[in-house]
1. Could you work out the pair-distance distribution P(r) of segment 232-440 from its alpha-carbon pairs, with 10 angstrom bin width and percents rounded to whole numbers?
2. Hey, got a sec? Which trypsin sites (Lys or Arg not before Pro) in segment 40-125 land in a DSSP loop and have at most 10 other Cβ atoms within 10 Å?
3. Taking every DSSP beta bridge that has both residues in the chain, what percent is antiparallel when rounded to the nearest 5?
4. In what sequence, largest accessible area first, do Met363, Met91, Met201 appear using a 1.4 Å probe?
5. Just to verify a number: what accessible area does Asp194 come out at with the full protein assembly present, 1.4 Å probe, Å² rounded to tens?
6. Given segment 232-440, what percent of its DSSP beta bridges are antiparallel, to the nearest 5?
7. On a 1.4 Å probe surface of the protein chains, which of Phe100, Phe115 comes out largest in accessible area, and what is the full order?
8. Hey, got the dipole for the chain? About the Cα centre, +1 on K and R Cβ, -1 on D and E Cβ, debye to the nearest 20?
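The values are calculated or read from the model by the stated rules, or taken from the named source; none is laboratory data. Here the structure is a predicted model, which means the values were calculated and not measured. With ideal geometry, Cβ positions are generated from the backbone for all residues, glycine too; neighbour counts draw on all protein chains shown. We work out accessible area using only protein heavy atoms, side chains counted, and drop any ligands, DNA or RNA first. Shrake-Rupley method; radii C 1.70, N 1.55, O 1.52, S 1.80 Å.
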Amino acid sequence: MPRLVVVSNRVAIPDPTGKGSAGGLAVALREAFQAYQGLWFGWSGRVSSHPSPEPKMVDKGNVHYALMDLTSIDRQEYYNGFANRALWPNMHYRLGLSEFSRADYAGYLRVNRSFANALVRMIRPDDLIWVHDYHLIPLAAELRALGVTNRLGYFHHIPWPAPEVFGTLPGSRELLRSIADYDLVGVQTDLDADNLRRAIMQEVGATPQGSDVLVLNGHRTRVKGFPIGIDVKGFQQVARRAPAHRVVTQTLASLGSRSLIIGVDRLDYSKGIPERMESFERFLVSNPDQRGRVTFLQIAPTSRSEVPEYASLSRTASETLGRINGTLGEPGWVPIHYVTSAYPRSVLASLYKIARVGLVTPMRDGMNLVAKEYVAAQDPNDPGVLVLSKFAGAAHQLTDALIVNPNDKFEVAEAIREALHMDLDERKARWQRMMKTIQDYDVSWWADAFLKDLSGYTGTSKARNRVRIGG
Ligand code: GDG
């Protein structure tokens, strides 16, 4: 049996408090590793003036972690710079925010090369290698240049934009050529797959073979949608437990008979947080009878605070919050509660369950796991309603949510009204259909489907399809 080697920008060593890293990738991979043993290689999150070219090894449970430090220039150019100031905004259709710098791009390529140099020494001939996300697009090309012939897979967690959008980024052709060095490229939706295939064909001249395979310089790459899921059972178990945490009991006490609307997102401009607050404001203005009867809680853990656009978003969110609470609040009722710290998963699950409405309105999102977690946490006998942006990958699957355009505040406000007034039969019917989808396509399905495709293994049972580590 081949061994599984996962490579991602950050390596998330399990944190027993449950707070840890709030990123969706960390959550999904941690859950995937429950079933798959192996090696997880990536950045430790630490900066050092003279990082060792060899990773530091940590063994926990069934996973060996290989951790690389970066210099502060690496972090600035590779992570804050090219990955998060050029690629991230471009791939979320925010061209006005995309800042390209040649130095940052060189830093991005340099870190990918140094990761490949360290990783190549650890790879065994039959290892399956699964690389994650936009920080590491050139890794396959670097590994191939070092003679690696293993099966190489890449999963892209964020949207792949239309070729006309991606093509505005300097270096985009080189990135498309290097992504074609992977054997399998997974994206969140069929739309993303179509965008990426078109770009590789139009920009670097690959030829199609069948519906999802492209051939470039004699190498075949399959590009396909694998919508990421959540650990549904695990999340339901957490949600069923009694709400013991102070935050949950206080929220319940302060709500009284009011309805709760919840939003949970990293503080990121792709998530549409100030826009969502303004939609809620529009709802209160259009429905004055609802003032004092509903509270919107937005949990938004701070993220990427060294990147200037995130600092600016933080100011905008606070200003929008202050303005709305100042103009619409009343003694004894604050319309929007806004917190920027991270909470344990069990607290999130309890809050999702209490909330009548899950408000998930990103401007663009690869998938959005919060939408799925909100559905999983609901009481089957009295489920809440999901309001979901049409620009989240999740909207391709959760078609029984109230689907909205987050740019249209009137439309979102109307969906909030509809959600709060929806009768029990309709809430149950919509929830049951969404629940079936998230159960059928949970995180184990996602990892199994990707790895089965990558390894070319064609067994039928779930257990046989699993890839196990040799030691
Ligand atoms: C990227 C893509 C794609 C949030 N706050 C806390 C907390 N979280 C958890 C949520 C959820 C995860 O973080 C966020 O996942 P998302 O999918 O919503 O978003 P990104 O972080 O942007 O993830 C995204 C994902 O990768 C997976 O492929 O879906 O499109 O952008 O699980 O619950 N967790 C805890 N405390 C918090 O305060 N413990």
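1. 9, 37, 40, 14, 1
2. Numbers: sites: Arg46, Lys56, Lys60, Arg75, Arg85, Arg94, Arg102, Arg110, Arg113, Arg121; in loops: Arg94, Arg121.
Taking segment 40-125 and a limit of 10 other Cβ atoms within 10 Å, the loop trypsin sites (Lys or Arg not before Pro) found are Arg121.
3. 20
4. Heavy-atom accessible area, descending, gives Met201, Met363, Met91.
5. For Asp194, the solvent-accessible surface is approximately 70 Å².
6. Values: 1 of 21 bridges.
In segment 232-440, approximately 5 percent of DSSP beta bridges are antiparallel ones.
7. Details: Phe100 60, Phe115 0 Å².
From most exposed to least exposed: Phe100, Phe115.
8. Charge dipole, the chain, about its Cα centre: 980 debye, nearest 20.
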